[in-house]
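Okay, structure first, notes after.
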Amino acid sequence: MVRAVGDADSLLTAVAECSPDLVVTDVRMPPGHGDDGLRATLRLRKSDPDLPVLVLSQYVANAYAKELFTPGRAPHRPNPAGLGYLLKDRIGEIGEFAQAVERVAAGAMVIDPQVVQHLLTERDRRHQSQLLSAREREVLGLMAQGYSNAMLRDALTISDGAVAKHIGNIFAKLGLSADDGNRRVLAVLAYLRDE
Amino acid sequence: MTRSPAAFLTSAAPWRSLAYLATSVLLGLVSLVVLGGLVVSGLLLSVLGIGLAVLAGAVLLGIPLAALERRRLRLLDGPHADRPGSPHGPVTRPGLWPWLTTRLREPATWREFGYAVVFTVLLPLVDLVLLAVVVPLFALIAAPAYVAVDSTQPEALVLTGIGIAGLPVAAYVLGAAAAAQSWFVRLMLSPREGEQSDRVVELTRSRARMADAFEAERRRIERDLHDGAQQHLVALVMTLGLAELEFRTADQEAGKGGELVSRARREAKQALDELRDLIRGIHPQVLTDHGIAAAVSEIAVRCRVPVSVDMDLTGRLPAQIEATAYFFVSEALTNVVKHSGAAAASVHGRLTAGRLAVTVTDDGVGGAGLRDGGGLQGLADRVAVVDGRLTLSSPAGGPTALSLEIPCQPSHSVSSSPRTRRSSAKGSPSC
């Protein structure tokens, strides 16, 4: 860690001064005690699209996630830098949290599974049908946290074939092509958000 | 007196009229002496200057007289009838002089004085009419008794007959006189537009101020919990997580200790969850940041009953209205889950013609009531503060629809968004 700051303005200054590898911030920060942290993140990403940022929040809300992951906030690039949005409680799961931090630093998209579940619930209620099975929802939740196929295999203790089958099913149901990595996370988000 | 003649004559109304007019006579006489005395002596003394004070006293005498007159309407209309309130405004500073200047500047005071003059001067005439009509009637009825002293004469019985026949006429005359006088009292002594209504506006304003204060307080509590207890719990969860990790990596034989730490971490996490739910009920951050539509879709997605949301609101609304509407939807959905047994619910919101209308509908069993002293009453109270209206349609068997209407204008200004800044540097880094 290179610097800890107490408010959104100092965050912007500190990033400019020491160009860190990763920024971890709360959605809510002084001075405004509103979504100052989120605003600062969006500004940072706009001026430096290569800066990985992990946003933590006391409670996750779809509205913040939608804002954070809206393409066009940052210039569209084939490989945008890592971006994460997690519930603060996840810090307690030290191992998982450390992995999430590393993945974001390495350029992955990490979205709290709760956000994905809520977006799915919203979508299901709009269409009055359950799109994904419970297992598929679980897989989608992990995918949104930036899990690769190999990590999914280990986390769920299933075979590579089973992972591929789940992902294939999910993407078929969502009508998306099964890319790997960030693009599939973004595709899922875009699908859940816009439909 | 609009009732049928028999009903009027056998009711208490004629007697009430008689009592009202009789006390008028007495009061008129007292007033004649006191008011007349003051005015005359005031005029006489006006050359000395002190006379002006006496005259002012005469004017102010109208105030207690008017108060008494408003009260006395109860003699006529019964103790529970509506009677006019005082037309006088509040006196803001203590002391005799502020009271005098306030009262003498009020039109109501002069109207009351005018009434006092008319009441004092006109009353003898009313008095004469009464005497001229009623007393002779009783005299006629009693005629045989007078005549009997001398001898029995059939003419006396005729007079008695006339007297008895005249009683209903007298009752109507009394009634009419009393009604005319009470009409005059209401005309002169009721608060006029801009008098008492000022105070109603003032009351409404202070109620709205209080509601604003409550709203600010809710946000302060939420912020303090976020910056205080929540941060500490997050830190606790993290420390326990580290301890857990330590046990796992350093000592495979940790056994009970490691297990207890894991349990402590889960319990701390549970506390954090509960605190989060509590805060969501007070004033969620997303409401402040993204407005009512976003906040409502967050409650909907968490609701155990499937809720479809259709909130078409562009722009932000004043903070207090957003908070009230949020609380409304939150309470309504809580009731849906608790009582309705519904399989689905929907939230519909629109802003049309300066009114925010939100309706929560469910397909449950119906039969909900506003007067069951439950959450709905508290909700109705809170809605009333922003001049809103709460309507409930819940026939037995359902469906139930709870609607909220609040007059409001959309606002885009920053001032409506409650991002109060903290002056001190107390805000700790949130991480």
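Every condition in (1) modelled with pLDDT of 85 or more; (2) touching a Pro at 6+ places or on another chain (Cβ under 9 Å); (3) not basic (Lys, Arg) is met by B:ALA294 except one, and the failing one is (2).
Any chance the range A:87-110 includes a residue that's charged (D, E, K, R), within 14 Å of chain B (Cβ to nearest Cβ) and touching a residue at least 12 places away in the same chain (Cβ under 8 Å)? Within the range A:87-110, one or more residues are charged (D, E, K, R), within 14 Å of chain B (Cβ to nearest Cβ) and touching a residue at least 12 places away in the same chain (Cβ under 8 Å).
The C-beta contact set for the range B:273-297 (first residue facing another protein chain (nearest Cβ under 8 Å), second residue hydroxyl-bearing (Ser, Thr, Tyr) and not in a helix (DSSP H, G or I), distance under 6 angstrom, 6+ apart or interchain) comprises B:ARG276/A:TYR59. Going through (1) without any contact (Cβ under 8 Å) to a residue 12 or more places away in the chain; (2) outside any helix (DSSP H, G or I) one by one, B:TRP99 falls short only on (2).
When you scan the range B:231-240, do you find a residue that is surrounded by 12 or more Cβ atoms within 10 Å (Cβ to Cβ), modelled with pLDDT of 85 or more and either among the small types (Gly, Ala, Ser) or at positive phi (or both), even just one? Yes, the range B:231-240 contains a residue that is surrounded by 12 or more Cβ atoms within 10 Å (Cβ to Cβ), modelled with pLDDT of 85 or more and either among the small types (Gly, Ala, Ser) or at positive phi (or both). Tell me whether the range B:216-226 contains one or more residues that are away from chain A (no Cβ under 11 Å) and of a type in the set (Asp, Glu). Checking the range B:216-226: at least one residue is away from chain A (no Cβ under 11 Å) and of a type in the set (Asp, Glu).
Please verify whether the range B:336-359 includes one or more residues that are within 12 Å of chain A (Cβ to nearest Cβ) and under 20 Å from B:ASP387 (Cβ atoms). No, there is no match, as no residue in the range B:336-359 is within 12 Å of chain A (Cβ to nearest Cβ) and under 20 Å from B:ASP387 (Cβ atoms). A count restricted to the range A:140-180 and to residues that are within 26 Å of A:GLY82 (Cβ to Cβ) and in contact (Cβ under 8 Å) with a residue 40 or more places away in the chain stands at 6. With respect to the conditions (1) modelled with pLDDT of 85 or more; (2) surrounded by 15 or more Cβ atoms within 10 Å (Cβ to Cβ); (3) closer than 27 Å to B:ALA12 by Cα, B:ARG71 lacks only one, and its number is (2). Which condition number in (1) in contact with a His (Cβ under 9 Å, 6 or more places away or on another chain); (2) assigned to a loop (DSSP other than H, G, I, E, B); (3) among the hydrophobic types (A, V, I, L, M, F, W, C) is the one that B:ALA81 fails? Of the numbered conditions (1) in contact with a His (Cβ under 9 Å, 6 or more places away or on another chain); (2) assigned to a loop (DSSP other than H, G, I, E, B); (3) among the hydrophobic types (A, V, I, L, M, F, W, C), the odd one out for B:ALA81 is (1). The set of residues from the range A:37-72 being in contact with a Leu (Cβ under 9 Å, 6 or more places away or on another chain), facing chain B (nearest Cβ under 10 Å) and not small (Gly, Ala, Ser) comprises A:LEU38, A:LEU56, A:GLN58, A:TYR59, A:VAL60, A:ASN62, A:TYR64, A:LYS66, A:GLU67.
So, B:ALA229, is that one part of a helix (DSSP H, G or I), under 38 Å from the mean Cα position of the chain (by Cα) and more than 10 Å from chain A (Cβ to nearest Cβ) or not? Show your work before the answer.
On the way: part of a helix (DSSP H, G or I): yes; under 38 Å from the mean Cα position of the chain (by Cα): no; more than 10 Å from chain A (Cβ to nearest Cβ): yes.
No; evaluated as a whole, the condition is false for this residue.
Scanning the range A:114-125 for residues that are in contact (Cβ under 8 Å) with a residue 24 or more places away in the chain and either assigned to a loop (DSSP other than H, G, I, E, B) or polar (S, T, N, Q) (or both), we see that the one that is surrounded by the most Cβ atoms within 10 Å (Cβ to Cβ) is A:GLN114.
Here's the yes/no breakdown for (1) more than 26 Å from the chain's Cα centre (by Cα); (2) crowded, with 18+ Cβ neighbours inside 10 Å; (3) among the aromatic types (Phe, Trp, Tyr):
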| position | (1), (2), (3) |
| --- | --- |
| B:SER308 | yes, no, no |
| B:PRO318 | no, yes, no |
| B:ILE321 | no, yes, no |
| B:ALA325 | no, yes, no |
| B:THR334 | yes, no, no |
| B:ALA344 | yes, no, no |
| B:VAL347 | yes, yes, no |
| B:GLY354 | no, no, no |
| B:ALA368 | no, yes, no |
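Is one or more of the residues making up the range B:246-256 in contact (Cβ under 8 Å) with a residue 12 or more places away in the chain, facing chain A (nearest Cβ under 8 Å) and in contact with a Gly (Cβ under 7 Å, 6 or more places away or on another chain)? Scanning the range B:246-256, I find no residue that is in contact (Cβ under 8 Å) with a residue 12 or more places away in the chain, facing chain A (nearest Cβ under 8 Å) and in contact with a Gly (Cβ under 7 Å, 6 or more places away or on another chain), so the answer is no. Can you find even one residue in the range A:126-139 that is free of Cβ contacts under 8 Å to residues at least 60 places away in the same chain, touching a Gly at 6+ places or on another chain (Cβ under 8 Å), under 30 Å from B:GLU298 (Cα atoms) and not assigned by TED's automatic domain parsing to the domain that holds A:LEU83? Taking every residue of the range A:126-139 in turn, none turns out to be free of Cβ contacts under 8 Å to residues at least 60 places away in the same chain, touching a Gly at 6+ places or on another chain (Cβ under 8 Å), under 30 Å from B:GLU298 (Cα atoms) and not assigned by TED's automatic domain parsing to the domain that holds A:LEU83.
The values are calculated or read from the model by the stated rules, or taken from the named source; none is laboratory data. For clarity, every value in this text was computed on a predicted model and none was experimentally measured. Cβ coordinates were reconstructed from backbone atoms using ideal geometry, including for glycine residues, and neighbour counts include every protein chain displayed.
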